[in-house]
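J.: One structure, as structure tokens, below. Some questions next.
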Amino acid sequence: MRWPAHAMESVRPSRFIPPFCPWPDCAAHLRRNSGFQRWGSYRAKDSPIRIPRFRCNDCGRTCSRQTFSTTYYLKRRELLVAVAEGLAACSAHRQIGRSERCSKTTVTRMAERLGRHAILFHAHCLESLDSLNEPLVHDHFETFVARQDHALGIGTAVGADSWFVYDIDPAPHRGSGRRPDRAQAKILRARRPYVSSIRRTFRALLPRVSAEDRLRVMVDGRVDYQAATQSRELRDRVRLRVYPNPKRGPKGSPRSPEAVARDHALFPVDQLHQLLRHTCSDHKRETIAFGRRLESILGRAHLMAVWKNFIKGRSERKPDRSTPAMRVGLADAPWRWERILSRRLFPGRRGPQSPAMKLYWKRWTPDLPALELRHAA
């Protein structure tokens, strides 16, 4: 995958040329523009180097080199990487604020920015994938939004061989006080939020599968998967391999052969869920740091997926330090947060699917205000 290794601020002012107009309503935002004119420069308070400005010949608006950096409009630009590392280390916003000597609201705003960047970065990764040549393991991670009666299932699709996180999709539903996969079989019914989430995930990944092949998915025994694949477009393109959740004995008792087969097949997604529960303070069982909004929770989930795909090794106990992105051919070495945040991504140019755009613009929850930006998005 083509991605710069150095930050945008490291480019010499004399060699920098804007690749496109950053304003989404300009005709040069998506196509080749008429060029730019040098339009002076300015100096930031924390840097002695002057930052060049340019004027677009198409729309007449101005931009600078800082416009194409992930630290645009930030007063403390050095905090962005520190906040990303703190979020991946299970630190809450107040704890990061104490460590970095800043306000917790500053950390919250940077966490929102990191989540939006992760959503677009993940979409860019999927666009860079040539094909999907491995089976998937799919399951929903159960959490809640603001209150325990506002439950949220986060659908996660993980590669069975590479452990690469391919898709993250929300399934908000009313909390029942009990996990749906532990209910009695006679009362199990397909639930619409889960069915819709599964269909969105399958539809997003089917274009990466060749026309003569099927999308192979390993799932547990929930009936939502059978209901989701009954549609005409998915019936002949998706092949499910079901591993029902067997009855477990007392703690410490040996597992049955069915339980061993289920745990072995669904291990990649189970490991991801354990990692989310362990490294995200808002998903712990007893916490006061829970997420207040669905879009924010999904943004942080995308941030954790990017961290797992490109930074964290597949195993920390074994000498294999290769990342899932290296297994699928998107990287040749483990990355660092500085490289992931080296370039700003624009939503109008990435073209992710509509669910991702709804999460980016905070339009999934209609009762709450959407994201409003006064500058170029």
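J.: Is there any pair with a first residue in region 57-86 that is more than 20 Å from L114 (Cα to Cα) and a second that is of a type in the set (S, T, Y) whose Cβ atoms are under 7 Å apart and which are 6 or more apart or on different chains, and what are they?
T.: From residues that are more than 20 Å from L114 (Cα to Cα), the pairs are N57/S34; D58/S34.
J.: Among the aromatic types (F, W, Y) and in contact (Cβ under 8 Å) with a residue 40 or more places away in the chain: is that true of F36 in this structure?
T.: When the stated conditions are applied, F36 does not pass them.
J.: Give the number of residues within region 295-324 that are polar (S, T, N, Q) and within 15 Å of K362 (Cβ to Cβ).
T.: 1
J.: Restrict the check to region 124-145 and report whether at least one residue is without any contact (Cβ under 8 Å) to a residue 60 or more places away in the chain and part of a strand (DSSP E or B).
T.: Scanning region 124-145 turns up at least one residue that is without any contact (Cβ under 8 Å) to a residue 60 or more places away in the chain and part of a strand (DSSP E or B).
J.: Turning to a different aspect of this structure: Could you say which residue among R262, R222, R241 is out of contact with any Cys (no Cβ under 6 Å at 6 or more places or on another chain), in contact (Cβ under 8 Å) with a residue 40 or more places away in the chain and assigned to a strand (DSSP E or B)?
T.: R241
J.: Specify which of the listed residues (P180, P193) is over 16 Å from R216 (Cα atoms) and at pLDDT 90 or above.
T.: Checking each option against the conditions leaves just P193.
J.: May I ask you to list the residues in region 129-156 that are exposed (fewer than 13 other Cβ atoms within 10 Å of the Cβ) and closer than 14 Å to D167 by Cα?
T.: If the condition is that a residue be exposed (fewer than 13 other Cβ atoms within 10 Å of the Cβ) and closer than 14 Å to D167 by Cα, then no residue fits.
J.: Sticking with this one: Tell me, please, whether a residue that is free of Cβ contacts under 8 Å to residues at least 40 places away in the same chain, open to solvent by less than 20 Å² (accessible area, probe 1.4 Å) and farther than 21 Å from T287 by Cα can be found in region 106-122.
T.: Step one: filter region 106-122 for residues free of Cβ contacts under 8 Å to residues at least 40 places away in the same chain, giving 106-110.
If we keep only those that are open to solvent by less than 20 Å² (accessible area, probe 1.4 Å) too, we end up with 107, 110.
Cutting the leftovers down to farther than 21 Å from T287 by Cα gives us 110.
Taking every residue of region 106-122 in turn, at least one turns out to be free of Cβ contacts under 8 Å to residues at least 40 places away in the same chain, open to solvent by less than 20 Å² (accessible area, probe 1.4 Å) and farther than 21 Å from T287 by Cα.
J.: What about V195, is it in a helix (DSSP H, G or I), under 25 Å from A356 (Cβ atoms) and in contact with a helix residue (DSSP H, G or I) (Cβ under 8 Å, 6 or more places away or on another chain)?
T.: In short, yes.
J.: Now a separate question. Could you please find all residues in region 339-352 being under 17 Å from the mean Cα position of the chain (by Cα) and either open to solvent by 60 Å² or more (accessible area, probe 1.4 Å) or farther than 25 Å from C21 by Cβ (or both)?
T.: Residues satisfying the conditions are R339, R343.
J.: If I filter region 62-80 for residues that are in a loop (DSSP other than H, G, I, E, B), open to solvent by 30 Å² or more (accessible area, probe 1.4 Å) and farther than 30 Å from D282 by Cα, do I get at least one hit?
T.: Checking region 62-80: not a single residue is in a loop (DSSP other than H, G, I, E, B), open to solvent by 30 Å² or more (accessible area, probe 1.4 Å) and farther than 30 Å from D282 by Cα.
J.: Among the residues of region 81-109, how many are hydrophobic (A, V, I, L, M, F, W, C), farther than 30 Å from L205 by Cα and part of a helix (DSSP H, G or I)?
T.: Counting residues in region 81-109 that are hydrophobic (A, V, I, L, M, F, W, C), farther than 30 Å from L205 by Cα and part of a helix (DSSP H, G or I) gives 5.
J.: Which residue pairs have Cβ atoms closer than 8 Å, lie 6 or more positions apart in sequence or on different chains, and pair a first residue in region 149-178 that is without any contact (Cβ under 8 Å) to a residue 24 or more places away in the chain and closer than 14 Å to V195 by Cα with a second residue that is open to solvent by less than 10 Å² (accessible area, probe 1.4 Å) and assigned to a strand (DSSP E or B)?
T.: So the pair list comes out as H173/L152; H173/G153.
J.: What number of residues in region 44-61 are within 19 Å of G348 (Cα to Cα) and either among the charged types (D, E, K, R) or open to solvent by less than 20 Å² (accessible area, probe 1.4 Å) (or both)?
T.: The total comes to 3.
The values are calculated or read from the model by the stated rules, or taken from the named source; none is laboratory data. Being a predicted model, the structure only gives us computed values, none of them experimental. Note: ideal-geometry Cβ built from the backbone for every residue, glycine included; neighbour counts use all protein chains shown. Surface accessibility is based on the protein's heavy atoms, side chains included, excluding ligands, DNA and RNA. Shrake-Rupley method; radii C 1.70, N 1.55, O 1.52, S 1.80 Å.
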